[in-house]
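Here the structure is laid out as structure tokens; the discussion comes afterwards.
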Amino acid sequence: MNAALSGSMEQMDGTTVTACERCPELCDSRSRIVNGVGPEDADIVFVGEAPGATEDERGEPFVGRSGDVLDEALRDVGLARADVRITNCVRCRPPENRDPTDEELNNCRPYLDRELERIDPQIVVTLGKVPSEHVLGRSVGITSEAGRIEDVRIGGRSHRVLLSVHPAATLYDRSQRDTFEETIATAADLGGSGGSGGQARLGDY
Ligand code: URA
């Protein structure tokens, strides 16, 4: 176990956090811990901000309206949701869907690092400003930087990170839709080739 996870309040089994009480407010607001879903050998990992109400209820990331947008964009490029890994920077729902605080992001960071370390994908896609800034460790203008790829050191290794607008942005600003879909197509191109038998494009069959 990672030294940062060795406290008595945290437990992580593989990529699954089974117990954590590091963030008192989130412990109060959550119904459950929402862990990442998808294959442990996925070539593409999507990283969102934090669970919303539907995710908290169902215990799975991106299963509300944002998830519908993501699923549809994946289908459009011939990928199935079940073939990619989907996770969040913070695994517990913040009250009233507020942004997670820096402290909460940092508390949850060892879990994300460990998940990425185990999965070691071809490409990490950050969905929105908060995850992009958190993973890159700098401020990001997500509308202008969406589609950009950077190599980032996460945990012990370098990962290719592709910045994306958040799928929810396409719901209130239609002009973000093309940007989002183009970024997902880039992710499919970068993550669909090579690797250890991760996702195949459905169109290949
Ligand atoms: N938005 C996120 O960032 N993550 C989710 O899991 C759902 C919506």
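Quick note: the coordinates plus some simple rules give every number you see, no bench work behind them. These numbers come from a predicted model, not from an experiment. Every residue, glycine as well, gets a Cβ built from its backbone with ideal geometry; the counts of neighbours run over all protein chains shown.
Looking across the range 134-159 at every residue that is within 22 Å of V37 (Cα to Cα) and within 16 Å of the ligand (Cβ to nearest atom), the one that is surrounded by the fewest Cβ atoms within 10 Å (Cβ to Cβ) is identified as H134.
Filtered by the rule that a residue be within 14 Å of the ligand (Cβ to nearest atom) and in contact with a Leu (Cβ under 8 Å, 6 or more places away or on another chain), the range 74-87 gives R81, V84, I86, T87.
Filtering the range 98-153 to residues that are assigned to a helix (DSSP H, G or I) and under 22 Å from R177 (Cβ atoms) leaves K129, V130, P131, S132, I142, T143, S144, E145. Inclusion of D71 among residues that are away from the ligand (no atom under 15 Å from the Cβ) and in contact with a helix residue (DSSP H, G or I) (Cβ under 9 Å, 6 or more places away or on another chain) is not warranted.
Could you tell me whether the range 41-60 includes any residue that is over 22 Å from E103 (Cβ atoms), touching a Leu at 6+ places or on another chain (Cβ under 7 Å), charged (D, E, K, R) and within 16 Å of the ligand (Cβ to nearest atom)? Give the steps one after another, and end with the answer.
First, the residues of the range 41-60 that are over 22 Å from E103 (Cβ atoms): 41-46, 53-54, 57-60.
Checking which are touching a Leu at 6+ places or on another chain (Cβ under 7 Å) leaves us with 45-46.
Next, only the ones that are charged (D, E, K, R) stay: none.
No, that holds for no residue.
The residue list C108, C92 contains one member that is touching a Leu at 6+ places or on another chain (Cβ under 8 Å), within 16 Å of the ligand (Cβ to nearest atom), in contact (Cβ under 8 Å) with a residue 12 or more places away in the chain and under 25 Å from L163 (Cα atoms), which is C92. The single residue among A73, A19, A42, A80 that is farther than 24 Å from E182 by Cβ and among the hydrophobic types (A, V, I, L, M, F, W, C) turns out to be A19.
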